[in-house]
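Here is the structure we will look at.
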Amino acid sequence: MFLWWGDKLTQFYNDAYRPSLGSNGKHPSALGQPAVECWPEIWPVIKPLIDQVLAGGDAVWQEDQLIPIYRNGQLEDVYWTFGYSAVLNDTGKIEGVLVICHETTEKVNTFNYLQRTKEDLEFAQREARSQNERLKSLFMQAPAGICILSGQEFTFELINPRYQALFPGRDLLGKPLVQALHELQGQHIISVLQEVYSTGIPFEGNELLVPLARTDTGHVEDRYFNFVYQPRLDVYGHVNAILTFVFEVTDIVRVKKELETAEETLKLSLLAAELGTFDMDLEKGTMYWDDRCRTLFGISHKDTVTYEKDFLTGLHIEDRDKIKEIIDNVFIKSVSNGDYDVQYRTIGVEDGIERWVRAKGKAYFDKNDIAVRFIGSVLDITELKYIEKRKNDFIAIVSHELKTPLTALKAYIQTIERFALKSNEEAVKTLVEKSNKQVAKMNDLINGFLNTSRLDEGSIALVKSTFNICDLISSCVENITDAHKSHLILFTECSNNLIEGDYDKLGQVINNFLTNAIKYSLEGSSININSYSNDKMVIVKVTDRGIGIKPENLENLFKRFYRDEAVSKSRVPGFGIGLYLAAEIVQCHGGEIWVESEYGKGSSFYFSIPND
Ligand code: ADP
């Protein structure tokens, strides 16, 4: 309690008031002190209240009023609940003001603190709610399937659209897992979930098989998933749900399995076909050979093999340059389109054995047409080559043996022809002419047959001599005219050129041109053969007025076994190798072979040989 008394508002207070004056502040000087001296800092606040009470007005009552006072050596914010009431003197006049006050600083501070805490809490709650919303929308938009399975029943508490898309139309939300996806009942995955729930340890599944139906009416399929089960903890650290992140990888797994099967099949096929494989990384300069490939080259002791050191040097010395040139071309897209199909001999590095190999492959190019990879297979064809050689030897012998009686037959017919001419026996003459034709046909057939035995690539060995091309042409024309009286062969023009070449083989080329001209033109028509030259080349040209060749077939004529479709169906005999061999022979001489033709009108076949 506190009292202001008299004109000067002299102060009196009891002990209970003392703490309000502070420890080193106003007490004890405040006792008996005039109010204005004691409370200068709050005088403007309390003076009007005191005056109001002294003037006989209403008593003043204020609660939790902030009245900062100077105490404890500083100005402090102090809250008060206080009442000012009038005190009368003996004469009943108002002489003083009784202050009953109670400091409420602590109460107000506590209240304010609680208020602030409440606001903080509300803010935190709002934040948590919006965080939750954000998280939920993140979940909803996530590119993975996400669901929250809450409680021990694993009830779908939340599912995002991606998760739902794994089970189109199936009613999941709010349902326990095995009720919503009943086919999971008894599946191992349920015990995995239970384990995560009870231990709190997350689980990661990789390409895990979970048989599931997509729709309610659909059948259960073998489906594969990559997923994470992440336990969710409550405030006490207990698991209360499992967060599931899931990707379906069924297609990837299926493709992988198919690839594995395909690889297995390929391996088996390679094994069954006894094929070796190679794979060259042209950028890194590495070369992979499988075991069979190594065997064919007789290299089994080396870990790594190289193109230059190992591949090129095993090759048979006679095949090395040719194969190197072919492979160089394989790497030039515009030349080969990356295609590779060759036959060559290898000499085993370790065993010294000669083997015949057929290699097929393909080079792959980058966007600048630079070859970056070369892969292919190799096959041991030694046995095949051996059989082929025996067959060719056999054909050569048989053809040769057939030619001997045929030559004798020709001679007898010529004798008979002479008798017939003498005796002027028309019937015999006709028969002799027919016999001559048959003998010529037989001769052509045997020659063609003989040619097949010479098909072996690279087996053309030239026996060169220097001779006049006109002599060769004359001799060929003479022989052909003898055998084929049906056509008129005109040899009118020939520049006397000496050439260096294989007389018999070039004769074979000219014979092929002439017999074709006869075979593919009508009886009685004429055929021209001429030879002319420029500084570099001697050219031989055979022109017929026969069936001609369709433009689209021109490029095929010099291929092995090519015969025009119509020709094959006709009864004109032939094997489709004459021009192929002719081209080989001409190329071996460093010359060229070509054709010009007009379908239905006739053709001109040419070859050129370098001038001696
Ligand atoms: P073949 O034994 O079939 O005559 P060739 O290799 O000599 O074999 O000729 C190949 C094909 O070229 C023939 O089947 C024929 O279709 C065509 N051919 C060759 N020469 C002529 C020609 N002078 N006139 C028309 N077609 C020809």
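Taken together, the values in this text are just the output of simple stated rules run on the coordinates, not laboratory data. Note that the structure is a prediction, hence the values are computed from the model and not measured. Glycine gets a Cβ as well: all are built from the backbone with ideal geometry, and neighbour counts include every protein chain shown.
A 31 angstrom limit on the alpha carbon distance is what I want to check against. Which of LYS385/LYS505; LYS284/LYS385; LYS257/LYS385; LYS385/LYS519; LYS403/LYS601; LYS309/LYS505 exceed it? Table pairs above 31 Å Cα-Cα are LYS284/LYS385; LYS257/LYS385; LYS385/LYS519; LYS403/LYS601; LYS309/LYS505. Charge tally for ILE159 (other residues, Cβ to Cβ under 12 Å; Lys, Arg +1; Asp, Glu -1): +2. Judged by a Cβ-Cβ distance under 4.7 Å, the unpaired cysteines of the chain are CYS38, CYS101, CYS147, CYS293, CYS476, CYS588. Couplings 3J(HN,Hα) for region 97-110, derived from phi with the Karplus relation 6.51 cos²θ - 1.76 cosθ + 1.60 (θ = phi - 60°), are 10, 8, 9, 10, 10, 9, 6, 10, 3, 5, 4, 5, 4, 4 Hz, where x marks Gly and Pro.
Starting from the coordinates of the alpha-carbon atoms of region 540-612, obtain the Kirkwood hydrodynamic radius over all distinct pairs and give the value in Å to one decimal. Please list the in-between numbers first.
Working: mean 1/r = 0.0770 Å⁻¹.
For region 540-612, inverting the mean 1/r across all distinct Cα pairs yields 13.0 Å.
Placing dummy labels 7 Å off each Cα toward the beta-carbon, the span from ALA213 to LYS441 is 7.8 nm.
For region 199-358, the square roots of the Cα gyration tensor eigenvalues, ordered a ≥ b ≥ c, give a/c of at least 1.5 with a/b greater than b/c, which places it in the prolate category.
Simple spin-label estimate for TYR532 and ASP58 gives 14.2 nm between the two label positions (7 Å along the Cα-to-Cβ direction from each Cα). Look at where the Cα atoms of region 362-385 and of region 244-297 average out, and the two centres are 16 Å apart. Mean silhouette area of region 376-480, derived from the convex hull of its C-alpha atoms and averaged over all directions, reads 10.6 nm².
Rounded to the nearest 20 debye, the dipole magnitude of region 7-152 is 600 debye, with +1 charges on Lys and Arg beta carbons, -1 on Asp and Glu beta carbons, and the Cα centre as origin. Each residue of region 253-263 was assigned a 3J(HN,Hα) from its phi angle through the Karplus curve 6.51 cos²θ - 1.76 cosθ + 1.60 (θ = phi - 60°); the sequence is 5, 4, 4, 4, 5, 4, 4, 4, 5, 4, 5 Hz, with glycine and proline shown as x. Entry for the chain at q = 0.08 Å⁻¹: log10 I(q)/I(0) = -0.87, Debye formula applied to identical alpha-carbon scatterers, no solvent contribution. PRO211 sits among other residues whose Cβ lies under 9 Å from its own Cβ, and their net charge, with Lys and Arg +1 and Asp and Glu -1, is -2. Legend: calculated FRET efficiency, LYS559 to SER465, from the Cβ-Cβ distance at R0 = 22 Å, rounded to 0.05, equals 0.15. What you get for the chain, charging only the Cβ of Lys and Arg (+1) and of Asp and Glu (-1), is a dipole of about 2400 debye around the Cα centre.
When the dipole is taken about the Cα centre of region 487-545, and only Lys, Arg (+1) and Asp, Glu (-1) are charged at their Cβ, what size is it in debye, to the nearest 20? Using Cβ point charges on Lys, Arg, Asp and Glu, region 487-545 gives about 180 debye. Computed across region 419-576, the Kirkwood hydrodynamic radius from all distinct Cα-Cα pairs reaches 17.6 Å. Taking trypsin sites (Lys or Arg not before Pro) across region 290-358, the ones in a DSSP loop with at most 15 further Cβ atoms lying within 10 angstrom of their Cβ are LYS302. Legend: calculated FRET efficiency, LYS569 to LEU421, from the Cβ-Cβ distance at R0 = 41 Å, rounded to 0.05, equals 0.60.
Think of the chain as having a plus end and a minus end, set by charges on the Cβ of Lys, Arg, Asp and Glu; of VAL78, MET442, TRP4, MET442 sits farthest toward the positive end of this dipole. Take the Cα of LYS8, step 7 Å toward its Cβ, do the same at GLU383, and the gap between the two points is 14.1 nm. Here the Karplus relation 6.51 cos²θ - 1.76 cosθ + 1.60, evaluated at θ = phi - 60°, turns the backbone of region 411-420 into coupling constants of 4, 4, 5, 4, 5, 4, 4, 4, 4, 5 Hz, with x for every Gly and Pro. Which one, ILE489, MET287, ALA165, is farthest towards the positive end of the dipole of the chain when Lys and Arg carry +1 and Asp and Glu -1 on their Cβ? My answer, from the dipole projection, is ILE489.
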